[in-house]
Each structure stands twice: as C-alpha cells, then as structure tokens.
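Enquirer: Dropping the structure in here first, questions after.
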Amino acid sequence: MEGAGHTEDELRDQAIQRLKKKRDFGTHLFIYVAINAMLVVIWAVTDSGFFWPIFPIVGWGIGVAANAWDVYGRRPVTEDQIRREVDRLRG
C-alpha cells in the first residue's frame, strides 16, 4: 500500500509514524545498553564469579532484536499482497 494511491497527508502520516518508531527504538537501545552496562559493573564490583548479567542481556536482547526488526526489517503490506490474499480467501 506504500506509495500507491496515497494522498500527501497519508504519506506524511506514515513518515511521521516511521520516524517515531525509529526514535523510540534509539531510546530503547540506549536504555538497554546503559542498564546492562550497569549490571555488568555491579557484577564486576561484587566479584560474584558466575556472569549472571548474561540472563538479562540475552533476554532483553531478544526484545531489542524484535523491536529492531519491527522498525527496520518489516515491510509494509502491498496492494499486490492484499489482492493475492483476497483471491486465496475467495477459494
């Protein structure tokens, strides 16, 4: 649906949405790095032995990766895809 048959206002709204998603992802990534760095420092200062920060790093990292895919990897639905799905539903 991107570009085909959209008014300038609709394209502007889509652009604003995408820019907000990118800004929000940047914030998410910054917080992820800052908090996990703090956890690693706590681990290092307390000399805990086992590297326990790996659990929040990996767990939260999966969420950050999913967020990145949503912002940068996901493509908008096209008119051709909609038409094919409608044809499949018709049988």
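Enquirer: If I stretch the segment between residue 13 and residue 85 completely, what's the gain in nm (0.36 nm per residue apart, minus their alpha carbon distance), one decimal?
Expert: 23.4 nm
Enquirer: Something else now. Can you give me the accessible area per residue for the chain, using a 1.4 Å probe, in Å²?
Expert: So the chain comes to 78 Å² accessible per residue, rounded to a whole number.
Enquirer: Write down the Kirkwood hydrodynamic radius of the chain, to one decimal in angstroms, obtained as one divided by the mean of 1/r over all alpha carbon pairs.
Expert: Its Kirkwood hydrodynamic radius stands at 16.6 Å.
Enquirer: Oh, and also: Select from the chain the helices, each a whole stretch of DSSP H, whose alpha-carbon atoms run 18 Å or more along the helix axis and whose Kyte-Doolittle mean is at least 1.0; answer none if there are none.
Expert: Helices passing the filter in the chain: 54-68.
Enquirer: Explain nothing, just the number: relative contact order of the chain, from Cα pairs under 8 Å at least 6 residues apart, as a whole percent.
Expert: 45
Enquirer: Mind checking the stretch 9-59 for chymotrypsin sites (Phe, Trp or Tyr not before Pro) that DSSP puts in a loop (not H, G, I, E or B) and that have at most 14 other Cβ atoms within 10 Å?
Expert: Filter output for the stretch 9-59: 50, 51.
Enquirer: Residue 67 versus residue 25, label points 7 Å from Cα toward the beta carbon: distance in nm?
Expert: Label at residue 67, label at residue 25, 1.1 nm between them.
The values are calculated or read from the model by the stated rules, or taken from the named source; none is laboratory data. In this text, all values refer to a predicted model and were calculated from it rather than measured experimentally. Cβ: placed from backbone, ideal geometry, glycine included. Neighbour counts: every protein chain shown. Side chains included, ligands, DNA and RNA excluded: accessible areas come from the protein's heavy atoms. Shrake-Rupley method; radii C 1.70, N 1.55, O 1.52, S 1.80 Å.
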